[in-house]
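**Q** Here it is, the structure in full.
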Amino acid sequence: MTLVVAQEVPTSSSMAVPHGPAGVGEARHRMRAELYRSGVPESVVDDAVLILSELLSNACRYGRPLGRAERGEGDVRAAWQVDPAGGLRVEVTDGGGPTRPVPSTPSVTARGGRGLNIISALSQDWGVRDGATGEVTVWAVVTAGHRREDFAARVGGGSGFDFLDAYEDLG
């Protein structure tokens, strides 16, 4: 006789991530595992994991840690929640910083500056929420089939540069 025990899979999760690159991989791994167990479509999971990576990287680069920021210690908070309609909300909260999160227009050769453009292209909606204690939360909502058709242009910052045209010019 085989006994099957139903496991309740959470539809939301929150975790503290060290302020720095060390915890990003752990957060991605945990999110992916939990969302797969919850039955979230693979395309949504893939987009959400990329969004989480971008949000955490931005929080560690531009924001202060939560808590003991004056001593250079602390965490940022990563959270995700599946809503009843199947949308997935991803949030990262940090201790705030000297600038507001806004998309940039990087040059074609720039090594960075595309994070919020990636988030904009992959999400149905995203935004910034300020907390009363100076905390800043950047959130994004991901749904199945929402990836924008102009994904490459949005990620590239709308530079108008077409890699295929450049390749053809070499020939």
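**Q** What FRET efficiency, computed as 1/(1 + (r/R0)^6) with R0 = 22 Å and r the Cβ-Cβ distance, is obtained for GLU26 and ASP46, rounded to the nearest 0.05?
**A** The value I calculate is 0.80.
**Q** Order GLU135, GLU34 by their accessible area, 1.4 angstrom probe, all chains in place, largest first.
**A** GLU135, GLU34
**Q** Let me check something: with ligands and nucleic acids excluded, how do TRP126, TRP80 order by accessible area (1.4 Å probe), largest to smallest?
**A** The ranking, largest first, comes out as TRP126, TRP80.
**Q** Using r as the Cβ-Cβ distance of TYR36 and GLN124, and R0 as 25 Å, what FRET efficiency do you calculate, to the nearest 0.05?
**A** Plugging the Cβ-Cβ distance into 1/(1 + (r/R0)^6) gives 0.75.
**Q** Report the accessible area of VAL102, computed with a 1.4 Å probe over the heavy atoms of all protein chains in place, in Å² rounded to the nearest 10.
**A** VAL102 exposes around 100 Å² with every protein chain in place.
The values are calculated or read from the model by the stated rules, or taken from the named source; none is laboratory data. Computed from a predicted model, the values in this text were never measured in an experiment. Using ideal geometry, Cβ is built from the backbone for each residue, glycine included, and neighbour counts are taken over all protein chains shown. Side chains are part of the model used for accessible areas, which takes the heavy atoms of the whole protein and leaves out ligands, DNA and RNA. Shrake-Rupley method; radii C 1.70, N 1.55, O 1.52, S 1.80 Å.
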